[in-house]
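K.L.:
Take a look at the following structure, please.
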Amino acid sequence: MKIALLGYGKMGKTIEKIAIERGHTIVLKVDKDDTNYDVSQADVAIDFSIPAAAVNNITNCFNANVPVVSGTTGWLDHYEAMVSLCKDKKGGFIYASNYSLGVNLFFEINKKLAKMMSPVEGYDVSMEEIHHTEKLDAPSGTAITLAEGIIENTNKNNWKLDNGNLDTIRITAKRIDKVPGTHTVTYSSKVDDIEIKHTAHNRSGFALGAVIAAEWLKGKSGVFSMKDVLGL
Ligand SMILES: NC(=O)C1=CN([C@@H]2O[C@H](COP(=O)(O)OP(=O)(O)OC[C@H]3O[C@@H](n4cnc5c(N)ncnc54)[C@H](OP(=O)(O)O)[C@@H]3O)[C@@H](O)[C@H]2O)C=CC1
Ligand SMILES: O=C(O)C1=N[C@H](C(=O)O)C[C@H](O)C1
């Protein structure tokens, strides 16, 4: 399969390695200030760039009729606009805040735990995410997905960074050199804590998931999620 890499930083380079190991060819690498590229030669594009570039890169893929796997976080105010554009152009689109199999299982555990905790009195839910110091967005996309999973299944109606009250989920974002990504959801009462935690040891899980998503998306049109790819 011919893959275009939109964004060639830490993730772009890890994805390249795994894609080549799985027999794919990288036909295009796009990095900073490279806005006049031609993606049409690719079977699938994979965007892991920066929040300010994601919308333009995804739009270019729809215009060139190339399905796109979007991993960049921090641009989700424009998600519905990209879904509409995808439908108008009959494109193929997957966005996931986190492509790793482990985190996608963790998302499901999080929703089940939220459902169990919802009727139980005396517990307050909060979240912590820890990432490397180069990360541009906070809270992480993964933390937002976890918060949405809790909101769907409890009486919490929003999340807040570094703040929270009875109705909201407090998310704390920490930046520590080199940390690939750690997410902890804690239900705290006066007598105990219940915690679930996912720790990424490196970026390979994210990258493998993105390549598997690209293999799955090739030749498809529509808007999909990692639940579709993994059959969860
Ligand atoms: N969904 C998931 O599973 C995961 C998502 N991510 C997300 O992926 C994104 C990238 O992460 P990471 O690789 O660690 O970040 P990096 O900063 O290492 O890489 C981003 C790259 O994009 C480049 N870039 C800047 N402008 C553009 C542009 N217009 N078009 C294409 N590329 C551009 C940057 O260049 P320069 O440095 O020169 O500005 C940089 O090389 C982040 O949003 C991160 O949150 C990360 C891991 C997993
Ligand atoms: O920027 C990162 O590194 C990561 N970003 C994603 C996010 O915002 O959730 C996924 C992963 O945690 C690594």
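K.L.:
Would you mind ranking Lys17, Lys178, Lys10 by Cβ crowding within 10 Å, fewest neighbours first?
P.N.:
Lys178, Lys17, Lys10
K.L.:
Output the relative contact order of the chain, whole-number percent, from Cα pairs under 8 angstrom with separation of 6+ residues. Display every interim value, and only then the final one.
P.N.:
Details: 472 pairs, mean separation 52.0, N = 232.
Relative CO of the chain lands at 22 percent.
K.L.:
Suppose every K and R has +1 on its Cβ and every D and E has -1 on its Cβ; what is the size of the dipole of the chain about the Cα centre, in Debye to the nearest 20?
P.N.:
On the way: 26 positive and 28 negative charges, 96 e Å.
That gives the chain a dipole magnitude of about 460 debye.
K.L.:
What are the residues whose amide H is under 5 Å from the amide H of Tyr99, where those residues sit 5 or more places off or on another chain and H is modelled from the backbone?
P.N.:
The answer is none.
K.L.:
Right, something else. Can you work out ³J(HN,Hα) from phi for every residue in segment 111-116, in order, using Karplus 6.51 cos²θ - 1.76 cosθ + 1.60 and θ = phi - 60°, giving whole Hz and x for Gly and Pro?
P.N.:
5, 5, 5, 4, 4, 5
K.L.:
So what's the chain giving for Cα Rg divided by 2.2 N^0.38 Å, two decimals?
P.N.:
1.04
K.L.:
Continuing with this model, one more query. Within straight cross-link reach of Lys160, meaning Cα distance under 20 Å, which lysines are found once same-chain residues fewer than 8 apart are removed?
P.N.:
Leaving aside lysines fewer than 8 places away in the same chain, those within reach of Lys160 are Lys111, Lys135, Lys174, Lys197.
K.L.:
Turning to a different aspect of this structure: Please give the per residue volume of the convex hull enclosing the alpha carbon atoms of segment 101-199, rounded to a whole number of Å³.
P.N.:
Value for segment 101-199: 93 Å³ per residue.
K.L.:
Using the Karplus curve 6.51 cos²θ - 1.76 cosθ + 1.60 with θ = phi - 60°, what ³J(HN,Hα) values do you get for each residue of segment 153-165, in whole Hz, with x for Gly and Pro?
P.N.:
In residue order, the calculated couplings are 10, 9, 8, 5, 10, 6, 10, 9, 7, 6, 7, x, 9 Hz.
K.L.:
Order of 161-174, 65-78, 25-38, 198-211 by packing, highest average Cβ count within 10 Å first?
P.N.:
My ranking of the peptides, most packed first, is 65-78, 198-211, 161-174, 25-38.
K.L.:
Something else about it: Return the long-range amide H neighbours of Gly91 (sequence gap of 5 or more, or a different chain), with a cut-off of under 5 Å between placed amide H atoms.
P.N.:
Placed amide hydrogens put Gly222 under 5 Å from Gly91.
K.L.:
Compute the normalised compactness of segment 1-132: alpha-carbon radius of gyration over 2.2 N^0.38 Å, N being the residue count.
P.N.:
Scaled against compact globular proteins, the figure is 1.24.
K.L.:
Amide H of Val44: which non-local residues (sequence gap of 5 or more, or other chain) have their own amide H closer than 5 Å, using H built in the peptide plane?
P.N.:
Lys2, Ala4
K.L.:
Between the alpha-carbon centers of segment 98-161 and segment 1-50, tell me the distance in whole angstrom.
P.N.:
29 Å
K.L.:
Cβ neighbours within 10 Å, averaged per peptide: list 50-63, 184-197 in order, most packed at the top.
P.N.:
With the highest mean Cβ count within 10 Å placed first, the list reads 50-63, 184-197.
K.L.:
Which whole-Hz ³J(HN,Hα) couplings does segment 13-29 yield from phi under the Karplus relation 6.51 cos²θ - 1.76 cosθ + 1.60, θ = phi - 60°, glycine and proline marked x?
P.N.:
Going residue by residue, I get 5, 5, 5, 4, 4, 5, 4, 5, 4, 8, x, 8, 10, 8, 9, 7, 10 Hz, with x marking Gly and Pro.
FYI, it's all coordinate maths here, none of it is from the lab. Everything numeric in this text was worked out from a predicted model, so none of it was measured. Note that each Cβ is placed from the backbone with ideal geometry, even for glycine, and that neighbours are counted across all protein chains shown.
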